1. In the structure shown, do any of 172/408; 115/349; 142/408; 175/369; 76/104; 408/446 have a Cα-Cα gap over 31 Å, and if so which?
2. Between the stretch 294-321 and the stretch 236-282, how far is it from one alpha carbon centroid to the other, in angstrom?
3. What fraction of the DSSP beta bridges in the chain is antiparallel, stated in percent and rounded to the nearest 5?
4. Compute the signed sum of charges (Lys and Arg +1, Asp and Glu -1) over the other residues within less than 9 Å, Cβ to Cβ, of residue 116.
5. Quick one: Cα centre-to-centre distance for the stretch 167-186 and the stretch 1-75, in angstrom?
6. In whole angstrom, note down how far apart the Cα centers of the stretch 98-137 and the stretch 393-419 are.
7. Can you work out ³J(HN,Hα) from phi for every residue in the stretch 125-130, in order, using Karplus 6.51 cos²θ - 1.76 cosθ + 1.60 and θ = phi - 60°, giving whole Hz and x for Gly and Pro?
8. Round to the nearest 0.05 the FRET efficiency obtained for residue 231 and residue 196 when R0 = 35 Å and r is the Cβ-Cβ distance.
Amino acid sequence: MHLHILGICGTFMGGLAVLARQAGHTVTGCDANVYPPMSTQLAALGMGLHEGFDAEQLDIFKADLYIVGNAMTRGKPVIEEILNRGLPYISGPQWLGENLLRDKWVLAVTGTHGKTTATSMLAWILDYAGLGPGFLIGGVPKNFSVLARSCQGDSPFFVIEADEYDTAFFDKRSKFVHYRPRTAVLNNLEFDHADIFPAIEAIETQFHHLVRTIPAHGLIVSNGGDAHLDKALARGCWTPVEKFGPGHEWDFKRGVAEGQFEVWLNGVSKGAIAWDLIGTHNIMNALAALAAARHAGVPSKLGIEALNLFDGVARRMEVRGVIDGITVYDDFAHHPTAIQTTVSGLRKKILTGRGRIIAVLEPRSNTMKLGIMNQALPTALANADHVLVYAHNLGWDVARTFESINSKTGIFSDLDAMVKSIADIARPHDHILIMSNGGFGGVHGKILRALAMKSMHVAA
């Protein structure tokens with residue numbers, strides 16, 4: 001079958017394209033941003049890529065079915081022409097659920113934060129245990145170096161990052177209702193996606209819809225400290241639940257150093273983990289992944305062994321370079337809770353008196369652009385020594401928002417000026433933490449080059 005994917009360069013749709021190609025389909029696609037690395041990865045798999053959303057492409061790519069990404073809206077010429085011609089179309093999540101997941105043991109990882117990391121951990125544990133899972137993840141786990149792959153051999157297991165964002169312009173349900181998991185991780189639930197959800201109760205309803213699809217012989221792994229998840233489950237639950245977090249079945253005890261902890265199940269120690277990942281959120285991700293993997297038959301001891309070899313995920317506290325003892329990190333954090341957790345985790349990792357945190361933030365998500373949670377940002381960034389905010393095209397008063405920490409905050413609408421300021425204030429042992437859910441104009445490389453130039457001038 002020839003599939004033409006609209007919005008093929010997004011992480012979900014790109015991963016779906018890889019899976020469809022591996023399943024033997026002819027795959028082509030279009031997007032407004034056809035550029036590396038996604039474009040080169042897809043082209044290497046023999047997929048024809050088209051730049052733009054014009055109607056004329058329908059005469060070039062005469063597909064059997066058009067798969068529509070959720071970034072596609074009414075008014076785009078290609079969408080209007082598909083509708084006018086009466087061509088067959090379907091959403092990405094629905095096609096995935098009906099064609100690739102129907103006969104699989106699906107392990108779905110949901111949550112406002114941590115989905116990509118927890119999904120990567122779970123896929124790695126199953127792979128390490130020899131179960132050969134397929135997976136589709138919204139990032140690139142370093143243990144695999146790809147964001148999607150088909151099930152290996154006759155493996156029944158498929159691990160998927162299950163997003164609560166809406167499915168398509170014609171299907172406003174959350175994506176995850178199409179996946180029909182047997183094992184579901186409910187990692188956390190906070191208000192986000194203000195462009196499509198009016199209040200957190202609306203998101204709770206979507207989580208409840210997911211819970212309704214999980215069979216009685218399945219398992220729900222839920223964050224025991226999240227009241228919103230408890231409310232979603234209280235609406236009706238027909239599946240066994242295991243909870244993780246302090247005081248629950250799956251618990252932990254911290255070690256001496258950041259990144260060291262012991263895993264406990266029902267009051268019994270199962271082993272210890274020591275890794276480079278920082279923050280309580282990653283400990284919680286680990287507990288959730290271990291619980292879900294155990295449901296698929298992986299003993300806790302083997303799961304812990306796997307996590308001790310887990311290398312993390314690209315763009316999650318990823319070190320992009322070190323110049324003169326100044327470390328530059330790239331992180332995907334874009335919600336106040338994730339920002340606070342990331343900054344606090346880095347603070348714990350830094351030795352006392354050994355450098356400062358220079359936090360660089362691009363409020364890029366739809367929710368952040370709307371200013372829905374901007375008042376929480378100063379508190380989220382309180383543990384940073386310097387805060388630099390890229391305020392280009394924001395619809396709210398950034399200076400007013402950051403009044404309470406004005407003495408350590410710089411606000412910029414010019415990216416190059418911000419890069420220069422960062423290079424000027426940075427000194428050996430500092431940690432430059434860049435947080436954005438987008439490419440941020442290549443700021444990571446620009447900062448590293450500016451630091452290198454500064455170092456050359458000092459040496460001269």
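A short reminder: the numbers here are calculations on the coordinates, not readings from a lab. Because the structure is predicted, anything quoted here is derived from the model rather than measured. Positions of Cβ are backbone-derived with ideal geometry, glycine not excepted, and every protein chain shown enters the neighbour counts.
1. Going by Cα-Cα distance, 172/408; 142/408; 76/104 fall outside the 31 Å limit.
2. Comparing the Cα centres of the stretch 294-321 and the stretch 236-282, I get a distance of 13 Å.
3. Given both bridge residues lie in the chain, the antiparallel proportion sits at roughly 30 percent.
4. Details: positive: 115, 315, 316; negative: 161.
Result for the local shell: +2.
5. One Cα centre to the other: 21 Å.
6. Result: 39 Å between the Cα centres.
7. With coefficients 6.51, -1.76 and 1.60, one gets 4, 5, 5, 4, 7, x Hz.
8. Numbers: r = 20 Å, r/R0 = 0.56.
Taking R0 as 35 Å, the efficiency between residue 231 and residue 196 is 0.95.
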